[in-house]
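Here is the structure we will look at.
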Amino acid sequence: MSRKRPVFDSPKRYYLLNKPTGCVSACQDAEHPTVLDYLPMDLRRGLFPIGRLDKNTEGLLILTDDGKLNRWLLEPEHHVEKRYLFWAMGTLKPETIAEMEKGFTVKGIPEPLRPVKLNLLQCSTVGKIEHPFFENRRYLFTECPEAPAFFAEITLTEGKRHQIKRMMEAVGCTVLTLQRIAFGSVTLEASLLSGEYRSLTDAEIQSLQQKE
């Protein structure tokens, strides 16, 4: 049973960042640029990301100084939907998609994953993908240009470490690109370029605070 919704402090600050690849979801890091480096210095104080995206994963990331909202949204029982687009090398059979949508067991994760929504959007080959690959997968562009590949949209309600990559590896596929495009009702618009940010609207903030 979900605990009682907290009373959220006001005013607080809420930003949507279109996270580029190559930076980490942290407030400071000795080796890599962080997501806060894309905001002006005078806005950074007290901000932190809600959840995280891997270094090479791009897309929607919410930055805030609202600790109550962060804890509220990351509680497992709230099942906040997170939607991603990705390219992967390999093929997905209809029965494999159906298995993932019912709940899926991945080696190394003790409990079955929650059901996902997965839509296959396009089939192609590795050499025809125009979006830049993960840094450690770029060799596949030249070494396996004729290998089958697919573009898909997946919606999760949990956030296990490297979950999408591990799910695809479990069925013999290799994720090449990964972008988050939605967190709950907050979506990433095409006009917000990589590395750019904007303030959340009042309606977006309210929708996150009311998430059951």
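Peptide packing: for 121-128, 187-194, the average count of neighbouring Cβ atoms within 10 Å per residue gives the ranking 121-128, 187-194, highest mean first. Comparing mean-square fluctuations of Asp37, Asp54, Asp202 from a GNM of the chain with C-alpha springs under 10 Å, the top value falls on Asp202.
Across the range 48-53, rounded Karplus estimates of 3J(HN,Hα) from the backbone phi angles (6.51 cos²θ - 1.76 cosθ + 1.60, θ = phi - 60°) give 8, x, 7, x, 8, 10 Hz, Gly and Pro being marked x. When a 1.4 Å probe is rolled over the protein heavy atoms, the share of accessible surface on the chain that falls to carbon and sulfur comes to 51 percent. Summing Cβ point charges (Lys, Arg +1; Asp, Glu -1) relative to the Cα centre of the range 9-76 gives a dipole of roughly 160 debye. Here His79 sits with roughly 80 square angstrom of accessible surface, probe radius 1.4 Å. Where in the range 44-63 does the amide nitrogen come within less than 14 Å of the point 7 Å from the Cα of Asn136, taken along Cα to Cβ? Of the residues in the range 44-63, 54-57 have backbone N under 14 Å from the label point off Asn136. Of Ala147, Gly108, His78, which is farthest along the charge dipole of the range 32-169 in the positive direction, counting Lys and Arg as +1 and Asp and Glu as -1 at C-beta? The listed residue farthest towards the positive side: Gly108. With a ≥ b ≥ c the root eigenvalues of the C-alpha gyration tensor of the range 87-212, is it rounded (a/c under 1.5), prolate (a/b larger than b/c) or oblate? Judged from the Cα gyration tensor, the range 87-212 comes out oblate (a/c at least 1.5, b/c at or above a/b).
In the chain, the calculated helix contribution to ellipticity at 222 nm averages -5000 deg cm²/dmol per residue, counting -39,500 (n - 2.57) for every DSSP H run with n ≥ 4.
The residues of the range 126-173 expose, per residue, 55 Å² of accessible area to a 1.4 Å probe. Apply 1/(1 + (r/R0)^6) to the Cβ-Cβ distance of Glu111 and Asp42, taking R0 = 45 Å, and write down the FRET efficiency to the nearest 0.05. It comes to 0.55. Summing charges over all other residues whose Cβ lies under 14 Å from the Cβ of Pro112, with Lys and Arg as +1 and Asp and Glu as -1, gives +1. With Kirkwood radius over Cα pairs in Å in mind, check [x] 18.3; [y] 17.4; [z] 17.9 and report the label derived from this structure. Computing Kirkwood radius over Cα pairs in Å and matching it to [x] 18.3; [y] 17.4; [z] 17.9 gives [x].
Please work out whether the range 134-199 counts as rounded, prolate or oblate from its C-alpha gyration tensor, where a ≥ b ≥ c are the square roots of the eigenvalues and a/c under 1.5 means rounded, while otherwise a/b larger than b/c means prolate and anything else oblate? It comes out oblate by the Cα gyration axes. Highest mean packing comes first when the peptides 64-73, 21-30 are listed by Cβ atoms within 10 Å, giving 64-73, 21-30.
Between Gln210 and Ser194, the contour length at 0.36 nm per residue exceeds the Cα-Cα span by 2.9 nm. For the range 72-81, the Karplus equation 6.51 cos²θ - 1.76 cosθ + 1.60, evaluated at θ = phi - 60°, returns couplings of 4, 6, 8, 5, x, 6, 7, 6, 5, 6 Hz by residue, with Gly and Pro reported as x.
The values are calculated or read from the model by the stated rules, or taken from the named source; none is laboratory data. These numbers come from a predicted model, not from an experiment. Using ideal geometry, Cβ is built from the backbone for each residue, glycine included, and neighbour counts are taken over all protein chains shown. The protein model used for the area step is the full one, side chains on, heavy atoms only, and it has no ligands, DNA or RNA in it. Shrake-Rupley method; radii C 1.70, N 1.55, O 1.52, S 1.80 Å.
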